[in-house]
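One structure is given here, and the rest of the page talks about it.
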Amino acid sequence: MDNSYTTTPKGFALQGGSKSYDSEAIGVSLTQPLYRAQNSSNASQLTAVSEQSAVALKAAEQDLILRVAQAYFDILFAEDSVKFIASYKQAISEQLAQARRSFELGAATITDTHEAQARNDLAAAQEIAVRNDLAVKKDSLRRVIGVLPDSVAPLADNAPLERADISDEGKWIATAEKESPLVKSQRLILSIAQYEAEKSQAGHYPTLDAIASYSYSRASDGSLGAGTATTAAIIGAQLAVPLYQGGSVSSKAREAAALEVKAQSDLEAVMRQARSQVTATFVGVKNGLAQADALRQAVASSQKALDSTRKGFEVGVRTSVDVLNAQQQLHAARRDHAQARYNYILSVLRLKASAGILDDKDAEWVNSLLAKN
């Protein structure tokens, strides 16, 4: 750096004038924290936050599997309903035609015709409703996966539905308490709150730093041509002890402790919720397969009952209304059986999701149950 100065004479012996000289200065300092009580808690807290993001991703994946499965089976059930109501409507139309012929021949009353006509009109209205429902269900699947497939594979008639081990409910509850995304996320929230309390309490603790500094300066004498140079190097440790900060540290520590208590209470509530979800879905799986088997038998029995009623009508021991009632019973049994099969599969997926172990293998299992053609 170039520097200059000017002198003004005050007496006869002094001479005035301007002089210049050079100077330079360089300084470097370094501070390395050796002890910060909050640093360890802060690192652990950041790790917990990262783990919480991974748990949230796992929960989102499980939710996606459930939503896709629900939307898919909603379409299958709606398609089944359209098929069943079309078959039911066709059977009623044939019964209506037969009632009209019998009335024209004087073998039946007009009541049978009116009854068959009423059932036929009701079936037509139901057909419109189920077709509308099918369109809605297709749109729901499109909104979930982004596209609407040209067709969906139905559930195979002989698909083996057994999937979940339902011999021990306690095992499922224990798994949920450990693996449920809700529980794991809340545990991490509690850990984050605990680390935050530790960080707030660490405000009362001293800090220790290693310090090092180096400086160099030089200046030349503008009049004599000489100059000075100075070098300084310092290495040491610096200890800082907080004495009083207006109560802010204590206030933050109390707040963090209260949030930790709240997080602990929330964890207990979430664990109760997880147990309740497992219990509800476990019962659904346990009874769902038995219900599907019972309704499968009900379909076979209803078909036999309809065949017997038709024969009885032909020989005159059953009425047209009996035939219509038997047809309606068969239609209801078919619909309920189809829905029971879908509900069982969804119950298995929900049970695994509530336990936190639903994954891609379960989606592959669902695919294996679909008809190959």
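Derivation of every value follows stated rules applied to the coordinates shown; laboratory data play no part. It should be emphasised that the depicted structure is a prediction, and the values quoted were computed from it without experimental measurement. Positions of Cβ are generated from backbone atoms using ideal geometry, with glycine treated the same way; all protein chains shown enter the neighbour counts.
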For the pair residue 213/residue 171, report the inter-label distance in nm, with labels modelled 7 Å from Cα in the Cβ direction.
6.9 nm
5 angstrom amide H check on residue 370, placed H, neighbours 5+ away:
156
Under the √(5λ) rule applied to the eigenvalues of the Cα gyration tensor, what semi-axes describe the equivalent ellipsoid of region 273-328? Give them in Å, descending.
41, 10, 5
Per residue convex hull volume, Cα atoms of region 57-105, in Å³
34 Å³
Two-decimal Rg/Rh of region 13-132 from alpha-carbon positions, Kirkwood Rh?
1.87
Cut-off under 5 Å, modelled amide H: who pairs with residue 34 long-range:
208, 209, 210
Gain in length, residue 82 to residue 128, computed as 0.36 nm per residue apart minus the alpha-carbon separation, to one decimal in nm?
15.7 nm
Using alpha carbon coordinates only, what is the Rg to Rh ratio of the chain, with Rh defined as the Kirkwood radius?
1.43
Mind listing the phi-derived Karplus ³J(HN,Hα) values for region 69-82, rounded to whole Hz, using 6.51, -1.76 and 1.60 with θ = phi - 60°, and x for any glycine or proline?
4, 4, 5, 5, 6, 4, 5, 4, 5, 5, 5, 4, 4, 5
Between residue 90 and residue 136, Cβ-based FRET efficiency (R0 35 Å, step 0.05) works out to 0.90
Whole-Hz ³J(HN,Hα) from phi, Karplus 6.51 cos²θ - 1.76 cosθ + 1.60, for region 329-335, glycine and proline x
5, 5, 4, 5, 5, 4, 5
Most mobile listed residue (234, 85, 65) in the chain, GNM with C-alpha springs under 10 Å:
234
Rounded to whole Å, give me the distance from the Cα center of region 28-90 to that of region 288-337.
45 Å
Report the calculated FRET efficiency for residue 153 and residue 204 (r = Cβ-Cβ distance, R0 = 41 Å), to the nearest 0.05.
0.05
Suppose every Lys and Arg Cβ carries +1 and every Asp and Glu Cβ carries -1, with no other charges. What dipole size does region 68-113 come out with about its Cα centre, to the nearest 20 debye?
160 debye
By the mean-Cβ-within-10 Å protection proxy, highest first, 344-357, 294-307 rank as 344-357, 294-307
Rounded to the nearest 10 degrees, what's the angle between the helix 248-314 long axis and the longest principal axis of the chain, both from Cα atoms, 0 to 90?
20 degrees
Added length on full extension, which subtracts the Cα-Cα distance from 0.36 nm per residue, residue 250 to residue 363
35.5 nm
